[in-house]
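The values are calculated or read from the model by the stated rules, or taken from the named source; none is laboratory data. As the structure is a computational prediction, the values presented were derived from the model and not from experiment. All Cβ positions, glycine included, derive from the backbone under ideal geometry; neighbour counts span all protein chains shown.
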Amino acid sequence: MRYAQGGGLTDERRAFRERLRLEAAERFVRGEENAVIAHDLRVSLRSVQRWRNAWSQGGARALASKGPASLPLLSDELFAVLEAELDKGPLAHGWPDQTWTLARIKTLIGRQFHKSYTIQGVAALLKRHGWSCQVPARRAMERDEAAVAGWVKATWPQVEAPRRRSEPGWSSKTRPGSR
């Protein structure tokens, strides 16, 4: 994805970037150098070059924001319907336990609204609407702490790969006995 948040820019951030582009257009008119504009506006030189190219072909209107790159698939009204369905729980939708996963929510969206999301898209959708990951607050009642401790002490050292040594001449290609 292009942006770290997984959903593009907010309206405020998009407006801020548009103001930067329009300020750059004013400076293009004054004949300022790209490097000076990039430094003053704290953007990359390549961005200023692209903006100047667009400005020279279409004027300041070419630098105006064209809106979000993509609109959300689920409107706020449909998301409210999704929340109601999530409140019913996974059992009501045919899953064998009471755990909502991103994959299950993706499937539910496909079944209910005939819209296709990626797993990352579902995570971004939920985050955008104030949902967060939940981890069980307590451990399973069936958990046997003594058995877990015994496994960690007896079995795990045998399963764990040996650590690499830092001796001279020791690498994955020159193990002892492989020459």
In the set ARG27, ARG19, ARG52, the lone residue that is at pLDDT 85 or above and either under 30 Å from PHE113 (Cβ atoms) or within 27 Å of the chain's Cα centre (by Cα) (or both) is ARG19
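So which of ALA149, ALA124 is surrounded by 10 or more Cβ atoms within 10 Å (Cβ to Cβ) and touching a residue at least 60 places away in the same chain (Cβ under 8 Å)?
Of the residues listed, the single one that is surrounded by 10 or more Cβ atoms within 10 Å (Cβ to Cβ) and touching a residue at least 60 places away in the same chain (Cβ under 8 Å) is ALA124.
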Apart from one, (1) within 30 Å of ARG21 (Cα to Cα); (2) part of a helix (DSSP H, G or I) all hold for THR107; the odd one out is (1)
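Does any residue of the range 130-141 turn out to be of a type outside the set (A, V, I, L, M, F, W, C) and either part of a helix (DSSP H, G or I) or under 30 Å from VAL29 (Cβ atoms) (or both)?
no
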Condition set more than 21 Å from CYS133 (Cβ to Cβ) and hydrophobic (A, V, I, L, M, F, W, C), scope the range 85-115, selection surrounded by the most Cβ atoms within 10 Å (Cβ to Cβ): answer is PHE113
With criteria (1) buried (at least 16 other Cβ atoms within 10 Å of the Cβ); (2) closer than 22 Å to THR10 by Cα, ALA62 comes up short on (1)
